[in-house]
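Working notes, structure below.
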């Protein structure tokens, strides 16, 4: 029953993002068809999870979301139903970390917004390094993603795009310096895609 219900929700999201919003997807060929994957994206709007979730047509993505969103019982139920689990911000949340490893160990896709909260469109905040530690310890590829022009939604004022870069394998060494370097590397790629595809002279 849950799988059937999720399929209905997925179809609704597909209709909203592709038909009503007119979302474009760039770099879809960079998404591996199988295997564990950690998707790292910028965050400008509450619409970002369904945008990036429907952009990954062939894969189901599990999201990590701030714990505050689960305080409302109905919202909390819905988020869990669509494979989203809570994380406490500002401290190490061991339960969320273990759930992240479980998702990847099962060969699934994990989505993280390392800015921690939504930012103004075009402004990329500092990346928290938690995703880098998870990627290095699990040895799974990171797929950089950029969401363009989602901030005005639902009051759409232009094209909305989701851009996927090429997957990056994390370092094999785990230490503080390496984690920070990998965090900065992924952030620079996301920032490059935002600048490249977010300009007025581009289709996005």
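Just so it is clear, none of the values below were taken in a lab; they were calculated from the coordinates. Note that the structure is a prediction, hence the values are computed from the model and not measured.
By DSSP, what percent of the beta bridges with both residues in the chain are antiparallel, rounded to the nearest 5?
Numbers: 5 of 23 bridges.
Roughly 20 percent of the beta bridges in the chain run antiparallel, per DSSP.
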So how far, in whole Å, is the C-alpha centre of the range 69-87 from the one of the range 1-48?
18 Å
For the chain, built as a Gaussian network whose Cα springs stay under 10 Å, the top-fluctuating residue of 177, 115, 166:
177
Of 34, 54, 178, which is the most mobile in a GNM of the chain whose springs link Cα atoms less than 10 angstrom apart?
34
With a Cα-only, solvent-free Debye model of the chain, what are the log10 I(q)/I(0) values at q = 0.09, 0.14 Å⁻¹?
-0.32, -0.80
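Which number do you get for Rg(Cα) / (2.2 N^0.38 Å) in the range 20-84?
Working: Rg = 13.1 Å, N = 65, 2.2 N^0.38 = 10.7 Å.
It is 1.22.
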Under a GNM of the chain (C-alpha, springs under 10 Å), which listed residue has the highest mean-square fluctuation: 36, 73, 171?
73
